[in-house]
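Since the structure comes first, as C-alpha cells, the remarks are kept for the end.
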Amino acid sequence: MLEKIDLNCDMGEGYTTDTLIMPLISSANIACGYHAGGGELMRQTIRLAMQHQVAIGAHPSFDDKEGFGRREMHLSSEEIHQLVTDQINSILKAAEAEGARLSHVKPHGALYNMAAKDAMVADAISRAIKEIDASLILYGLPNSASETSASQYGLQ
C-alpha cells in the first residue's frame, strides 16, 4: 500500500513566491488577515490553490500584524474562540465566492504553539472549528493539547 504524504505550506502572506511553491505542495494554509494577507489576497491564493488542486485551509492567528502573529497574547477562551471563528468565517466567504471548499485549519505562529501546550487555547480553537464545520481537519502537533482537544470534539 502506498502512503500519501501531505506537503503543507503557509501561503497568502504577501510573499512573491506563492506561484512558485503552490505547484509543489498538496495543502496550503492561507492567512486570514490577522497576521498577514486578507481580502483579495485570500481570494487570489484560493484561486491559485484550485488551479493546482491544492487543499485549502484557514491559517488563523492572533491579531498581530506588527509581530507577524509570533507574539504570545494571553486572551480569554472566548476571545480566542471569537478571533478563530472570525478568521475561519472570513476565508469561508472567500472560498465560497471562488467555488472552493476548506479542508482544514492550521493555527499560525504563537497561537499554534500555545495551543500545543495550553488546553484552554486548544479547546477554544477546537470548539470554534466544531461549531463552524466539524468536517474540517485541525493541523497540530502530535501528542499535544491540540490533538487531545481535537479528539474530544470529534475532529480529525
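Return the single residue from 55, 124, 97 with maximal mean-square fluctuation; model: Gaussian network over the chain, springs between Cα atoms under 10 Å.
For the chain, modelled as a Gaussian network with Cα springs under 10 Å, the answer is 97.
Which FRET efficiency, nearest 0.05, do residue 76 and residue 117 yield, Cβ-Cβ r, R0 25 Å?
On the way: r = 17 Å, r/R0 = 0.69.
Efficiency for this residue pair is about 0.90.
State the percentage of accessible surface on the stretch 1-144 attributable to carbon and sulfur atoms; use a 1.4 Å probe and exclude ligands, DNA and RNA. Numbers along the way, then the final one.
Working: 3840 of 7200 Å².
The computed percentage sits at 53.
Can you check how the C-alpha radius of gyration of the chain compares to 2.2 N^0.38 Å, as a plain ratio? Don't skip to the end; give the middle numbers.
Values: Rg = 14.5 Å, N = 156, 2.2 N^0.38 = 15.0 Å.
Cα-based Rg divided by the globular estimate yields 0.97.
Points 7 angstrom from Cα along the Cβ direction at residue 148 and residue 53: gap in nanometres?
The answer from the label model is 4.0 nm.
Given the -39500 (n - 2.57) contribution per DSSP H run of 4+ residues, what per-residue ellipticity at 222 nm results for the chain, rounded to the nearest 500 deg cm²/dmol?
-14000 deg cm²/dmol
Excluding same-chain residues fewer than 8 positions from residue 65, which lysines have a Cα within less than 30 Å of its Cα?
93, 106, 117, 130
The values are calculated or read from the model by the stated rules, or taken from the named source; none is laboratory data. These numbers come from a predicted model, not from an experiment. So basically every Cβ, Gly included, is an ideal-geometry build from the backbone, and we count neighbours across all protein chains shown. These accessible areas exclude ligands, DNA and RNA; they are computed on the full protein's heavy atoms, side chains included. Shrake-Rupley method; radii C 1.70, N 1.55, O 1.52, S 1.80 Å.
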